[in-house]
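First up is the structure itself, then whatever we jot down about it.
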Amino acid sequence: MSIDDELIRSGRDAAVTRRALVRAARRRFATDGYRATTVRAIAADAGVNVALINRYFVSKEGLFEACMARTSDELDTQTPARASDLEAVIDRLVLHVVNAPDGDDPLQLLLLLRSSGDENADRIRRRTLEHFTRRLAAAAGWREDDPATAAVLLRAQLAISTLLGAVMLRSAAAAEPLASATAEELAEPLRAVFRTLLGP
């Protein structure tokens, strides 16, 4: 029995394989870019047959969309949607910066920032960023049907820009003194910025 047959036979193995492909693809897309990434390289990184990408995701674009959905889900699960949880939201934003360069944060954020040169992939990326912005803005009191809260959406995007910039400078660029700053040194200034942007 081939590895493909084994994976198809077990739903659990198929789910594990999908996760492995998304993880490998996200790393490739974030570091090599969308155009330079091949499905063969992703399959090799995940240790599976390239045919599984077509089976599970249909195409490279489908796999890219799955990567962005995972990033969006991870950010959403860490971002409560109620204004009463604003301090919890701010704490999560601060943790993204403080924990960098550990974990997948730099990769998922780089994936959100990196232009692909492919119109469909860039549309998927923009849609993910807009979704995250709306979730963050909603936690800060923005309501789509209330024009009086329109400025909150812009401030939420500024908060995301601050988050992305700090994580990238801290991890990808290793810019000092940000790269070696301690959690204590980062937490209060970041909380002050996020409270100013997202507070009432």
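Quick notes on this one:
- Between D145 and R19, the FRET efficiency from the beta-carbon distance, with R0 = 30 Å, is close to 0.20.
- Length released on extending from E119 to T38, taking residue separation times 0.36 nm less the Cα-Cα span: 27.4 nm
- Its relative contact order, with pairs defined as Cα atoms under 8 Å and 6+ residues apart, puts segment 109-197 at 22 percent.
- Total formal charge among the other residues, if their Cβ is under 13 angstrom from that of E188, Lys/Arg +1 and Asp/Glu -1: -1
- Percent of Cα-Cα distances greater than 14 Å, calculated over segment 129-169: 43
No lab work stands behind these numbers, since they all come straight from the coordinates. Bear in mind that the values here come from a model prediction, so they are computed numbers and not experimental data. Cβ sites come from the backbone with ideal geometry, for glycine too, and all protein chains shown count toward neighbours.
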